[in-house]
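> One structure, as structure tokens, below. Some questions next.
The values are calculated or read from the model by the stated rules, or taken from the named source; none is laboratory data. What you see is a predicted model; the values in this text were computed from it and never measured. Every residue, glycine as well, gets a Cβ built from its backbone with ideal geometry; the counts of neighbours run over all protein chains shown. Each accessible area value is taken on the protein alone, full model and side chains, heavy atoms only, with ligands, DNA and RNA left out. Shrake-Rupley method; radii C 1.70, N 1.55, O 1.52, S 1.80 Å.
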Amino acid sequence: PSPRSMATATATALTIPQAYGWVVVAASAMGFTATALGAGVGGARRKFFGKKFDERADVKAIKDEIKKAFPDHKPITGGYPDMGSGLFARLLKPAEWYEFNLAQRAHHNTLEFLTFAITMVLTAGLFQPEAAAACGVVFCIGRVMLARGYTSLGPNGRYPGGPISLLPLLGLLGINLFYGFKHGLASAGLL
């Protein structure tokens, strides 16, 4: 097609499949799974950065310095804003530091994939809603398995949950690429 005919082309209407509701349920479950894994971090934070920790002299000294530098900020508690490698985490015993960071990594590892995963589910669901929703559910199961393994066995506990949660992403990517190229080539008059 000539550039002129492409410029006058009309848009194609997008039809949402009736089963797309399951895609929305799966995407919501994926977000909820990540939020639930964050609750595990909250539990670890309460365990290691609780009231007993806050009352330590070395912790109070750090908090006093922070308060001097930021007098308008509310007093900090619970080890915030430390994510596991800051001033407060350095005051933990090595085993406490390790356990806290295992919970952090289990959660953050899920967050690192979440935007891509939800985007893939929502877009693939426009073409194959049942398959996309199923992939979203498998992603959630794998992420929960990863978090349980990671927090109980350390980094090697990521298996089999990690790979289980990545396989559906490959399927979703395949669906998106297939239908993306199919519609792209059709709109260019090449199909």
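> Taking only Cα atoms, what is the 0 to 90° angle, nearest 10, from helix 129-153's long axis to the longest principal axis of the chain?
On a 0 to 90 degree scale, this one is about 20.
> Counting Lys and Arg as +1 and Asp and Glu as -1, what is the net charge of the other residues whose Cβ lies under 14 Å from the Cβ of ARG143?
Summing Lys and Arg as +1 and Asp and Glu as -1 gives +2.
> Round to a whole angstrom and tell me the spacing of the C-alpha centers of the stretch 100-130 and the stretch 167-191.
Rounded to whole Å, the Cα centres lie 20 Å apart.
> With a probe of 1.4 Å, find how much accessible area the stretch 9-131 has per residue, and write the answer as a whole number in Å².
About 63 Å² of surface per residue is accessible.
> Additional query: Mind listing the long-range amide H neighbours of ILE76? Cut-off is under 5 Å, sequence gap 5 or more, other chains count too, H placed in the peptide plane at 1.01 Å from N.
Under 5 Å from the amide H of ILE76 lies no amide H from a residue far enough along the sequence or on another chain.
> Modelled label-to-label distance, LEU14 and LEU153, 7 Å Cα→beta-carbon offset: nm?
Those two pseudo-labels are separated by 4.1 nm.
> Provide the per-residue ³J(HN,Hα) series for the stretch 64-70, in order, calculated from phi with Karplus coefficients 6.51, -1.76, 1.60 and θ = phi - 60°, each as a whole number of Hz, with x at glycine and proline positions.
5, 4, 5, 5, 5, 6, 10
> Only Cα pairs under 8 Å and at least 6 apart count here; give the relative contact order of the chain as a rounded whole percent.
So the answer I get is 27 percent.
> I'd like the distance between the alpha-carbon centres of the stretch 71-91 and the stretch 46-70, rounded to an integer number of Å.
Between the Cα centre of the stretch 71-91 and that of the stretch 46-70, the gap is 7 Å.
> Whole-Hz Karplus ³J(HN,Hα) for the stretch 42-58, in order, using 6.51 cos²θ - 1.76 cosθ + 1.60 and θ = phi - 60°, x for Gly and Pro?
Running phi through 6.51 cos²θ - 1.76 cosθ + 1.60 with θ = phi - 60° gives x, x, 5, 5, 5, 5, 9, 10, x, 4, 4, 5, 4, 8, 5, 4, 5 Hz.
> Another question, if that's okay. How far is helix 161-187 tilted, in degrees, relative to the longest principal axis of the Cα atoms in the chain, given as a value from 0 to 90 rounded to the nearest 10?
30 degrees
> So what is the 222 nm mean residue ellipticity for the chain from helices alone, if each DSSP H run of at least 4 adds -39500 (n - 2.57) and you divide by all residues, rounding to the nearest 500 deg cm²/dmol?
After summing the helix terms and dividing by residue count, I get -24000 deg cm²/dmol.
> Can I ask one more? Around ASP64, what is the net charge, scoring Lys/Arg as +1 and Asp/Glu as -1 over all other residues with Cβ under 13 Å from its Cβ?
Cβ neighbours under 13 Å give a net charge of +2.
> Out of (1) 20.1, 63; (2) 23.4, 76; (3) 22.2, 75, which label holds the value of Rg and Dmax of the Cα atoms in Å that was computed here?
The value computed from this structure is option (2).
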